[in-house]
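Colleague: Next up is a structure, given as structure tokens.
Laboratory data are not the source of any read-out in this text; all were calculated from the coordinates shown. The shown structure was predicted, so the numbers you read here are calculated from the model rather than taken from an experiment. Positions of Cβ are generated from backbone atoms using ideal geometry, with glycine treated the same way; all protein chains shown enter the neighbour counts.
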Amino acid sequence: MHTPHRLVTAAALTLSFAACRAPDGASPGSPQATATVDSLPAVDSAAGERPDTVPAPPIDSTTVMLALLPTDAKAPLDGESAALAERAVFAPRTQRWFMARLVDSAPAVDIGRIDDGVSSSSAAQSALVRMLAARSPIQPGMPFTLHGPAGAMSVTVADLRVTGRRIVARLNAPASAILGTAMPVEWRGMPPRTPRRNAAAACDPGDTTAISATVARYTPSKDTSVSVVYGCFGTFRALIAIRPLAITPETIEKVVLVRSTGKTRSGRLRDLSYPLHELISVLDVDGDGTHEIIVHSLRPAMETWAALRMTDSVSFARFASGFTVEKR
């Protein structure tokens with residue numbers, strides 16, 4: 001994550017692990033700020049457009065976006081809150097996709113980190129509140145769109161808090177909105193429009209007996225872990241990741257795609273510097289009939305949660321990540 005340049009928020013998306021019938025608001029602050037958000041162009045996905053190619057707001061919106069913050073980003077802070085600000089890093093304002101998880105039983109979006117955490121003393125917590133109010137690009141009351149099993153709903157940020165070293169924005173949404181351990185969320189900048197159609201739900205499941213037989217050939221051992229997700233990935237209906245349990249700089253994983261006929265082909269997960277993965281679940285983010293995948297990404301001394309999209313017939317690439325854990 002980097003020092004912010006433009007606005008971030010998020011909106012959760014539809015999760016559909018069984019979609020292929022697999023084998024067993026208002027922005028904070030003044031009315032002027034609300035009008036600023038509503039004046040931004042819609043960022044809905046066009047037909048056939050992949051999630052990370054949706055046009056961003058115009059480049060000249062930077063100054064307008066900053067009007068949403070309750071305090072100028074350069075405004076001075078008092079001693080203790082200024083010290084916290086020196087250790088805090090927020091998501092860039094151009095970032096559109098994030099990861100959400102449950103934090104204290106509520107959906108929360110990962111928006112940054114603060115090195116060495118924050119003391120539980122009342123003075124430190126008060127300083128944290130002042131720092132977040134002045135520096136965070138996301139503030140309580142900002143609108144989000146949450147895409148869940150029941151369709152799209154408008155939610156807002158309830159509060160900001162620190163959990164471990166992560167700075168999170170908790171959403172006014174039920175815990176049931178997060179399916180599985182994590183899911184990608186999207187900032188849309190306005191109340192929800194028409195929910196995206198879950199085209200993957202109509203996908204042909206293929207020869208389920210052949211698919212099941214192929215998947216069954218890949219079994220974990222005392223040294224390896226095997227994870228599987230089922231979905232619509234072009235002509236493929238299952239994705240298998242086989243990784244060593246020992247996580248070292250030299251370890252690599254094997255990724256196998258299973259066709260609707262049960263035949264296989266090698267695949268690849270392009271996840272920046274994370275070479276190992278546990279496959280968690282699938283979802284059709286943009287309603288194009290191709291599932292995206294949710295993964296737990298692993299590397300020596302670090303782990304994170306990410307969402308990957310299919311970029312060619314056998315490869316997936318990251319478009320959202322968050323809740324990184326550094327093991328020191």
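Colleague: With charges only on Cβ, +1 for K and R and -1 for D and E, what is the dipole size of the stretch 199-326 about its Cα centre, in debye, rounded to 20? Walk me through the intermediate numbers first.
Modeller: Details: 13 positive and 14 negative charges, 90 e Å.
So the dipole magnitude of the stretch 199-326 works out to roughly 440 debye.
Colleague: Just subtract the alpha-carbon distance of Asp204 and Thr219 from 0.36 nm times their residue separation and send over the number in nm, one decimal.
Modeller: Stretched fully, the Asp204-Thr219 segment lengthens by 2.8 nm.
Colleague: Sticking with this structure for a sec: What is the dipole size for the stretch 232-303, taken about its Cα centre, with +1 at each Lys and Arg Cβ and -1 at each Asp and Glu Cβ, in debye to the nearest 20?
Modeller: 440 debye
Colleague: Under the classification rounded if a/c is under 1.5, otherwise prolate if a/b is larger than b/c and oblate if not, where does the stretch 199-326 fall, given a ≥ b ≥ c as square roots of the Cα gyration tensor eigenvalues? Intermediate results must be reported in sequence, preceding the final value.
Modeller: On the way: a/c = 2.27, a/b = 1.31, b/c = 1.74.
Oblate, since a/c reaches 1.5 and b/c is not below a/b.
Colleague: Turning to a different aspect of this structure: Could you order peptides 232-241, 205-214 by the average number of other Cβ atoms within 10 Å of their residues, highest first? Mind showing how you got there, number by number?
Modeller: Values: 232-241: 22.7, 205-214: 17.1.
Ranking, from highest mean packing down: 232-241, 205-214.
Colleague: Shifting gears a bit: Only residues of the stretch 243-270 count here: report those whose backbone N is under 16 Å from the spot 7 Å along Cα→Cβ of Lys327, or say none.
Modeller: Counting only backbone N, you get 243-252.
Colleague: Moving on. Give the calculated FRET efficiency between Arg87 and Ser315 to the nearest 0.05, with a Förster radius of 30 Å applied to their Cβ-Cβ distance.
Modeller: That pair, Arg87 with Ser315, gives E of 0.20.
Colleague: Suppose R0 equals 35 Å. What FRET efficiency, 1/(1 + (r/R0)^6) with r the Cβ-Cβ distance, do Arg165 and Ala246 give to the nearest 0.05?
Modeller: E(calc), rounded to 0.05, equals 0.85.
Colleague: Rank the residues Arg259, Arg265 as a footprinting-exposure proxy: fewest other Cβ atoms within 10 Å of their Cβ go first.
Modeller: By the 10 Å Cβ count, ascending: Arg265, Arg259.
Colleague: Let me ask something else. Can you classify the stretch 72-141 as rounded, prolate or oblate using the Cα gyration tensor, where a ≥ b ≥ c are the square roots of its eigenvalues, rounded means a/c under 1.5, and otherwise it's prolate if a/b beats b/c and oblate if not?
Modeller: oblate
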